[in-house]
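Data first, discussion second: the structure below is written as structure tokens.
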Amino acid sequence: MPVQYTSIVDEHEAVRGRVGLFDISHMGRLTFDGPGVLDWLERLTTNQVSRLADGQIQYSLMTNDRGGVIDDILVYRQPFAYLVVCNASNRLPVVARLEAGRGKADGRMQDRTLDTAMIAVQGPRAIETLQPLFDQPLAPVKYYHLTTGRLLGRIDAIASRTGYTGEDGFELIVAKDSAVSVWEALLDSGRAHGIAPCGLGARDTLRLEAAMPLYGHELGEETDPFSAGLGWAVKLDKGEFAGRDVLVGRKAAPPLTRIGLALGGKRIARQGSLVLSGQREIGLVTSGTFSPTLQQSIAMAMVAPGSAPIDAEIAVDVRGHRESARVVKLPFYKRTASATAT
Amino acid sequence: MDPQSLRYTDTHEWVALEGDVATVGISKFAVEQLSDLTMIELPAVGTHLTAGKTCGEIESVKSVGDLYAPLDGEVTEVNTRVADNLQLLSDDPFGAGWLIKMKVSDPSAVAKLMDHSAYERKIADEAH
């Protein structure tokens, strides 16, 4: 996946207004089957796998014994199998953690990352782009649900109504050898809708406007889910799981809070910039960019709890320049509700 | 400006020298690498510049870069239109997108900068 095909801003605008195509094959894809799999996953993830209905998908986290985040993942439930989609850079630690935490579970994990491909179709025209190529109805597929079907009459695919852009859209998983045919067919089908192939740069500006966390920025081995604002994906009452004992304390008193900042100037407050309230250092920027939608410099930061309430006027040190910033509600951007959004 | 007639720095500034006045900008290659420009900060008229030292900032969605003085001298004019409208720089980096003019202390120092063909070879290497 390149940083950009044409321009980050052009690609960003294609996704917000029309439709964009992302090759996200680098993401990790692990399948699980066998009678002990539910318990196995339950013990190593923070969300409650047993709440998943067939065909439903759940955002979840894997935490270490100190309550820090090993990765954020999606867990897909299918008949007789689960699928875990994890971050590319964390695939090997995730696999190692799952293997080490298997216990006596009767089940099998297969790393299918290298023999499959993953393509995201995102934007208000995603469904019009994908439906003509896909043999199952997509409109009834709810947000964070999946369906299986065939692309181009011959390519088996999982289509999930998920994404990392803040727009409606689908993510497709197909066999590796079909990836190029599917990519080209989608570009063809989307041409009338103004489709654009999109790179990592637009993926970052889109997820940041939608305030979705990115591993290595808002998430890491030393950050707990409650500080990152992801407490909703931690089900402390589901039973024992890795990191649970520590997380009970983090929920009561998270060491940090994730906040949104709208900067007064044009400078971008990138990761590591110091956040200041008066002269007091209250935290660090985790992600920053220029928001093409808001036409403004925006950032997310992790700060001491209570130090930066909504609408507070604070500042960020951007390479020695003190830049004014206002604390704003997250997300920075929310699409207008559609019938399928939950 | 004709890019062929300009001199270039390692850090992608271009220089057009007339007498002891240099017009300075950044190359099309640099603009394309940055893409999606969001901000530029240029030195004020009267600022004394030292060759190789930072004298401004150029930021894009992708990254932030420093602007380096190509030669020793003093800023005599700043293209304020570019600061207000970065599209000028994206569209015409060798023309309407020029950044500063400076009175150069030693015009002969321009000979130390790369000519067009040397610069072309350098960016061909960087692109790989």
Hits in segment A:201-233 (condition: surrounded by fewer than 23 Cβ atoms within 10 Å (Cβ to Cβ) and within 12 Å of A:V9 (Cα to Cα))
A:D204
Would you list the strands (runs of 3 or more DSSP E) that sit entirely within segment A:1-94 and hold 2 or more residues that are open to solvent by 10 Å² or more (accessible area, probe 1.4 Å)?
A:28-33, A:57-63, A:69-78, A:81-86
Restricting to segment A:256-272, and then to whatever is of a type in the set (G, A, S), farther than 20 Å from A:G220 by Cα and not in a strand (DSSP E or B), can you tell me which residue is farthest from the other protein chains (Cβ to nearest Cβ)?
A:G264
Quick one: B:V61 ticks every box in (1) over 23 Å from B:V104 (Cα atoms); (2) within 11 Å of the chain's Cα centre (by Cα); (3) β-branched (V, I, T) bar one, so which box is it?
(2)
Go through A:V275, A:V285 for me and flag whichever is more than 14 Å from every other protein chain (Cβ to nearest Cβ) and either assigned to a strand (DSSP E or B) or modelled with pLDDT under 95 (or both).
A:V275
Failed criterion for A:A304 (all others in (1) free of Cβ contacts under 8 Å to residues at least 60 places away in the same chain; (2) within 14 Å of chain B (Cβ to nearest Cβ); (3) open to solvent by 20 Å² or more (accessible area, probe 1.4 Å) hold):
(2)
Mind checking whether some residue in segment A:113-123 is open to solvent by less than 60 Å² (accessible area, probe 1.4 Å) and assigned to a helix (DSSP H, G or I)?
no
Looking at A:A105, A:A159, A:A81, which is the one that is under 19 Å from the mean Cα position of the chain (by Cα) and under 22 Å from A:D33 (Cβ atoms)?
A:A159
If B:T47 satisfies all but one of (1) more than 14 Å from the chain's Cα centre (by Cα); (2) within 12 Å of chain A (Cβ to nearest Cβ), what's the number of the condition it fails?
(2)
For the subset of segment B:20-35 comprising residues that are small (G, A, S) and assigned to a loop (DSSP other than H, G, I, E, B), which member is least open to solvent (accessible area, probe 1.4 Å)?
B:S27
Looking at the structure I just gave you, is B:N79 within 14 Å of another protein chain (Cβ to nearest Cβ) and either loosely packed, with under 14 Cβ neighbours inside 10 Å or at pLDDT 95 or above (or both)?
no
Taking segment A:210-243 and the residues there that are in a helix (DSSP H, G or I) and out of contact with any Phe, Trp or Tyr (no Cβ under 8 Å at 6 or more places or on another chain), the one that is farthest from A:T257 (Cα to Cα) would be A:K238
Checked segment A:297-318 for anything over 22 Å from A:T223 (Cβ atoms) and touching a Leu at 6+ places or on another chain (Cβ under 7 Å); matches are A:S297, A:A315
Subset of segment A:1-32 [away from chain B (no Cβ under 14 Å) and over 21 Å from A:A117 (Cβ atoms)]:
A:R16, A:G17, A:R18
Scan segment B:95-117 for residues that are surrounded by 18 or more Cβ atoms within 10 Å (Cβ to Cβ), touching a helix residue (DSSP H, G or I) at 6+ places or on another chain (Cβ under 8 Å) and more than 17 Å from B:D36 (Cα to Cα) and jot them down.
B:W98, B:L99, B:V104
Out of segment A:263-285, which residues are within 24 Å of the chain's Cα centre (by Cα) and either free of Cβ contacts under 8 Å to residues at least 40 places away in the same chain or open to solvent by 10 Å² or more (accessible area, probe 1.4 Å) (or both)?
A:R270, A:Q271, A:G272, A:S273, A:G283, A:L284, A:V285
Please tell me if B:T38 is open to solvent by less than 50 Å² (accessible area, probe 1.4 Å), touching a strand residue (DSSP E or B) at 6+ places or on another chain (Cβ under 7 Å) and polar (S, T, N, Q).
yes
How many of the residues making up segment B:53-76 are within 14 Å of chain A (Cβ to nearest Cβ), polar (S, T, N, Q), part of a strand (DSSP E or B) and open to solvent by 10 Å² or more (accessible area, probe 1.4 Å)?
1
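The values are calculated or read from the model by the stated rules, or taken from the named source; none is laboratory data. Since this is a predicted model, take the numbers as computed values, not measurements. Every residue, glycine as well, gets a Cβ built from its backbone with ideal geometry; the counts of neighbours run over all protein chains shown. Each accessible area value is taken on the protein alone, full model and side chains, heavy atoms only, with ligands, DNA and RNA left out. Shrake-Rupley method; radii C 1.70, N 1.55, O 1.52, S 1.80 Å.
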